[in-house]
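The structure appears below as structure tokens.
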Amino acid sequence: MQLESATYGDDIDQNAHPHMKARGPFSIGADDLSAGLKAWRLWTMLGWNDILQRYRRSVLGPFWITLSMALYVMLLGVVYSRIFKMEIALYLPYIAVGLITWGFISGTTIESCSAFVDSSGIIKQIRLPFTVYVFRVLWRSLIIFLHTIVLIIPIGIIFGLKFSWADILIFPGLILLFANQMWVGIVVAVLSARYRDVVQLIATAIQIAMFATPIMWPASSLGTAQIIAQVNPLYHLIEIVRSPLLGEAPPLLSWLVVIGLCAVGYLIAILLLSRGNRRIVYWL
């Protein structure tokens, strides 16, 4: 696989290449992102190999995660449906999709923190786009997510969820969710390579965010204080996936927030890649 090599933050003497000084502050990061996307065969292979190695000699493999998630959802569904005084037929699908989507968001974010650190041996020997290592984490997290999201099928059959036109919106919802996790992964990977304390900060923030986000509790339970959920971007990320699977169209606000996050997030990610491209290898 041939990859462009002049754009990946090597130790090229810029005095010997004066034309590189004229490049904008986003050029190097944009090139790295573009090259990483083009190398999709590489990071999909690496991510799939990670899954195989993780569940080597296991009978059920990744389906252990599906089984444990099913038990977790059933237990919380029965308990919290009584706490919130909701019918279990309505609450169990709600909490199932919420927890599964949250698991993808939180798991991907935490694992992306060590994307460069875990691949330091490769980074120091082979020149590849740095985004390849982030996309590797995203791909294996997506595989696990797809193993667990299938739980909505038996849940839907048992509790009589009906198909509607809104279900089609799950596809743009998943694309936007994955796209947002791409820039989040890049940002936390670069910051964690530079500052190792970022991993602990992210893990703590995610634990707190889980209880402040409508995952196990409905936003309607806030009553007149629903603005607390509306200003939470994580709520909108979950909502563009959860609502279609429950047969409802996500609110327009959720689409606007998620698309806005995507636009701003990629600007930040590309800027960080551009600034840190030539330094990441020395931070590892």
**Study point:** Verdict on L42 being part of a helix (DSSP H, G or I), of a type outside the set (K, R) and surrounded by fewer than 18 Cβ atoms within 10 Å (Cβ to Cβ)
**Key:** yes
Check your understanding: Which of (1) touching a Leu at 6+ places or on another chain (Cβ under 9 Å); (2) within 24 Å of M210 (Cβ to Cβ); (3) surrounded by fewer than 19 Cβ atoms within 10 Å (Cβ to Cβ); (4) not basic (K, R) does V117 not meet, given it meets every other one?
Key -> (2)
Review point. What pairs can you find where one residue is in region 193-214 and within 30 Å of Q226 (Cα to Cα), the other is surrounded by fewer than 12 Cβ atoms within 10 Å (Cβ to Cβ) and not charged (D, E, K, R), and their Cβ atoms are less than 9 Å apart, with a gap of 6+ or different chains?
Key: L201/Y195; P214/S220
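Restricting to helices (runs of 4 or more DSSP H) lying wholly in region 68-136: which have 2 or more residues that are in contact (Cβ under 8 Å) with a residue 12 or more places away in the chain and more than 17 Å from S192 (Cα to Cα)? Talk me through it step by step, then tell me what you get.
Working: elements: 88-112, 115-118, 120-123.
It comes to 88-112.
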Review point. How many residues does region 164-188 contain that are closer than 23 Å to P93 by Cβ and touching a Gly at 6+ places or on another chain (Cβ under 6 Å)?
Key: 2
Exercise for review: For M216, indicate whether it is on the phi < 0 side of the Ramachandran plot and modelled with pLDDT under 90.
Suggested key: yes
**Study point:** Spans of helices (runs of 4 or more DSSP H) in region 205-283 with at least 1 residues in contact with a Pro (Cβ under 9 Å, 6 or more places away or on another chain)
**Key:** 227-230, 233-245, 252-276
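The values are calculated or read from the model by the stated rules, or taken from the named source; none is laboratory data. All values reported here derive from a predicted model rather than from experimental measurement. Positions of Cβ are generated from backbone atoms using ideal geometry, with glycine treated the same way; all protein chains shown enter the neighbour counts.
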